[in-house]
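Take a look at the structure set out below.
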Amino acid sequence: MPEKPDPSSTPRSSPPPSIRWRSWPLGESVVRSALLIGGLLAAALAIYLFSRQITLAALALAVLAGAFWRFFLPVEFQLSEKGVDQWYLGRRRHIPWGKIRHHEVCAAGVLLLPDEVRSTLSAFRGLYLPFGIHRDAVLAFVQHYLERADRGQRLAASQ
């Protein structure tokens, strides 16, 4: 029976090169932008028609626009050996790879979560990385830093 290779003796591949990109859906798709803005305005109009209160409609519009802030504001992302960086409105958010306990690959990006088991609220504490044109590079980082760590934890737990 062939022996299993020792995971500690497996050569460690070099980390992928750092990448940085900007995500701004409002500036990238005219059709999606028009649909979202039209939907927000329609919701505010419906609230005004039912309540006849312009302040309530304006408040609802502001809350909905705030919920879609990532659509309206340009956000920059950087992946490096130190972790994930996100910039918006002049602010930087840094998440080291070791703080990411779970990830989910989605159709248009990767959801990075701070909890090992996904809960209803963990997505609000996590970070969604849209692929943009960097799908392969983002997935290479996920594989190098997160999936390898997952395999190592599973191997350690099984021994």
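Checking each residue of segment 121-128 against the condition of being loosely packed, with under 12 Cβ neighbours inside 10 Å and on the phi > 0 side of the Ramachandran plot gives no match.
Just to be sure before I move on: is A156 surrounded by fewer than 16 Cβ atoms within 10 Å (Cβ to Cβ) and modelled with pLDDT of 95 or more in the structure I sent? No; evaluated as a whole, the condition is false for this residue.
Applying the criterion of being in a loop (DSSP other than H, G, I, E, B) and among the aliphatic types (A, V, I, L, M) to the residues of segment 110-139, the residue that is nearest to F68 (Cα to Cα) is L121.
Among the residues of segment 33-81, the one identified as under 19 Å from the mean Cα position of the chain (by Cα), surrounded by fewer than 13 Cβ atoms within 10 Å (Cβ to Cβ) and not small (G, A, S) is W69.
Number of residues in segment 103-125 that are touching a strand residue (DSSP E or B) at 6+ places or on another chain (Cβ under 7 Å) and modelled with pLDDT of 90 or more: the value is 8. Among residues of segment 134-158 that are closer than 12 Å to L112 by Cα, none has a beta-carbon under 6 Å from a residue that is loosely packed, with under 15 Cβ neighbours inside 10 Å and at pLDDT below 85 at least six positions away or on a different chain.
Contact map, segment 20-36: first residue within 10 Å of P74 (Cα to Cα), second residue modelled with pLDDT of 90 or more and aliphatic (A, V, I, L, M), Cβ cut-off under 6 Å, separation 6 or more or different chains; pairs are S23/V75.
The values are calculated or read from the model by the stated rules, or taken from the named source; none is laboratory data. Quantities reported herein were computed from a predicted structural model and do not represent experimental measurements. Positions of Cβ are backbone-derived with ideal geometry, glycine not excepted, and every protein chain shown enters the neighbour counts.
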